[in-house]
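Down below is the structure, laid out as structure tokens.
The values are calculated or read from the model by the stated rules, or taken from the named source; none is laboratory data. All figures in this text were calculated on a predicted structure; none of them were measured in a lab. Here the Cβ positions follow ideal geometry from the backbone for every residue, glycine too, while neighbour counts run over all protein chains shown.
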């Protein structure tokens with residue numbers, strides 16, 4: 001991509017230009033910092049992933065403009081473990097660690113050193129699969145090494161101002177009353193945050209007592225391991241500390257008077273830093289699952305779940321092709337086929353194999369396609385070669401014809417092509433194999449029953465399948481002897497379909513009766529894949545062996 005001529009073709013490009021316009025005025029500025037983050041309190045679901053990939057797309061747009069970018073992802077693993085999500089094992093054991101910092105809760109799967117690290121590892125290993133490579137920051141580590149001691153002291157020095165700012169965004173019933181502290185403390189005796197602040201010496205010393213175990217102590221902020229700022233103070237403090245230029249937030253945080261409004265005020269008035277450029281992103285639904293996804297309720301779909309059905313490029317496409325403030329649904333039903341078809345159309349337009357309706361549409365579709373690819377470097381670009389297209393629907397049929405054997409299905413494509421006449425090159429096979437794995441998983445685990453089929457084995461089942469009368473059987477025989485026996489003469493599905501209808505006419509059957517009879521004979525169902533394409537795809541010898549019984 002020519003970075004000197006990048007235009008605002010996409011919402012990520014629009015955001016990148018806004019960041020440059022609002023945050024790039026300092027001539028000494030040598031990079032932009034883009035941030036994201038989450039508390040690993042449970043499974044990091046695909047709704048959380050929307051923030052990560054939204055930042056990644058903006059990072060890509062900035063780099064496409066020749067800008068240096070620091071992409072940070074903060075694990076808020078020093079937050080309190082408040083409740084045990086429903087989808088966790090060993091729930092009774094985890095209950096013992098409520099009110100501990102999440103990083104001190106043991107991993108119930110016994111895989112990693114902590115509960116927090118387990119969830120962090122799950123997403124850290126999955127993100128590279130979709131081309132996302134942030135710099136991970138761990139807030140437990142940062143707090144425990146007193147990295148934020150200065151920011152904590154500043155909050156203590158301005159606690160009345162902070163109290164007034166927070167109350168500005170609260171109604172009368174929820175305003176802070178009486179003495180208030182902007183910090184909380186994890187007891188260094190029992191590890192719980194059930195502590196009360198007793199006083200502060202105006203410099204570095206903070207006194208507290210624990211209501212859970214009765215422990216009292218005085219902590220030096222420059223050495224303390226358990227002192228932490230409250231969420232609405234911690235967030236803007238870290239904006240200033242990391243010099244964050246861009247960070248999006250969910251629509252709940254971006255609501256009028258929500259946490260982003262509060263943080264913006266705190267950031268400017270207490271820490272002297274302008275809040276980052278931002279936008280709000282909306283929720284994601286899962287087809288058939290009502291309501292907003294929540295890690296705490298156990299109803300979660302994570303990135304690895306989605307990657308079982310959608311290739312990495314398709315996952316990126318789902319988000320690159322949708323504005324962040326638009327709610328959308330990720331489907332695992334028949335809509336999967338339509339989503340793959342939409343992506344394939346975008347791919348054909350981007351490569352010039354299909355004409356867009358106008359130049360603007362071409363540029364938009366090409367940009368979405370570029371941002372959907374896994375980059376070899378840091379900037380967006382078209383892939384080094386054009387992928388070999390096999391429609392997801394057809395691929396599902398091929399895999400079922402091959403009895404679930406991906407190698408066998410791919411061998412057929414390599415020998416026969418996918419109906420276009422061209423054969424895939426060796427460099428195209430890995431992407432085709434990745435799509436095949438998704439097709440196999442979807443057919444076997446997600447597809448509705450009416451979409452699934454299995455070819456009969458030669459000699460399997462009764463000579464006259466249930467529901468087929470003599471007239472229908474005669475039609476099957478005619479189909480076998482005049483179409484299947486000479487299947488090589490049909491150069492396309494259209495000519496084959498015409499021959500099938502001619503068989504039906506000769507047998508005195510309606511077209512739909514002919515199709516039903518063929519499906520019953522071949523797969524034992526009343527309907528199946530498009531018959532003409534199906535007959536031209538399955539090996540002729542295999543079809544003749546199945547139909548020999550009739």
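Does residue 438 satisfy being closer than 24 Å to residue 304 by Cβ and modelled with pLDDT of 95 or more? Answer is yes for this residue.
I'd like to know if region 236-255 contains one or more residues that are over 32 Å from the mean Cα position of the chain (by Cα), modelled with pLDDT of 95 or more and surrounded by 21 or more Cβ atoms within 10 Å (Cβ to Cβ). Within region 236-255, none of the residues are over 32 Å from the mean Cα position of the chain (by Cα), modelled with pLDDT of 95 or more and surrounded by 21 or more Cβ atoms within 10 Å (Cβ to Cβ). Could we say that residue 223 is outside any helix (DSSP H, G or I) and either surrounded by fewer than 18 Cβ atoms within 10 Å (Cβ to Cβ) or touching a residue at least 60 places away in the same chain (Cβ under 8 Å) (or both) here? For residue 223, the condition - outside any helix (DSSP H, G or I) and either surrounded by fewer than 18 Cβ atoms within 10 Å (Cβ to Cβ) or touching a residue at least 60 places away in the same chain (Cβ under 8 Å) (or both) - is met. Counting only strands (runs of 3 or more DSSP E) that sit wholly inside region 127-215, those with at least 3 residues that are surrounded by 13 or more Cβ atoms within 10 Å (Cβ to Cβ), assigned by TED's automatic domain parsing to the domain that holds residue 72 and at pLDDT 95 or above are 135-138. Out of region 48-78, which residues are within 24 Å of residue 144 (Cα to Cα) and assigned to a helix (DSSP H, G or I)? Matches in region 48-78: none.
Residue-wise test of (1) at pLDDT 95 or above; (2) more than 17 Å from residue 453 (Cβ to Cβ); (3) not in a loop (DSSP other than H, G, I, E, B).
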{"position": "501", "(1), (2), (3)": "yes, yes, yes"}
{"position": "515", "(1), (2), (3)": "yes, no, yes"}
{"position": "521", "(1), (2), (3)": "no, no, yes"}
{"position": "526", "(1), (2), (3)": "no, no, no"}
{"position": "529", "(1), (2), (3)": "no, no, no"}
{"position": "533", "(1), (2), (3)": "no, no, yes"}
{"position": "536", "(1), (2), (3)": "no, no, yes"}
{"position": "546", "(1), (2), (3)": "no, no, yes"}
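Suppose we keep only residues that are assigned to a loop (DSSP other than H, G, I, E, B) and within 23 Å of the chain's Cα centre (by Cα) within region 329-357. Which one would you say is nearest to residue 283 (Cα to Cα)? Taking the candidates together, the pick is 331. Screening 504, 472 for residues that are buried (at least 17 other Cβ atoms within 10 Å of the Cβ) and more than 27 Å from residue 403 (Cβ to Cβ) leaves exactly one candidate, 504. Among the residues of region 38-58, not a single one is more than 18 Å from residue 278 (Cα to Cα) and over 19 Å from the mean Cα position of the chain (by Cα).
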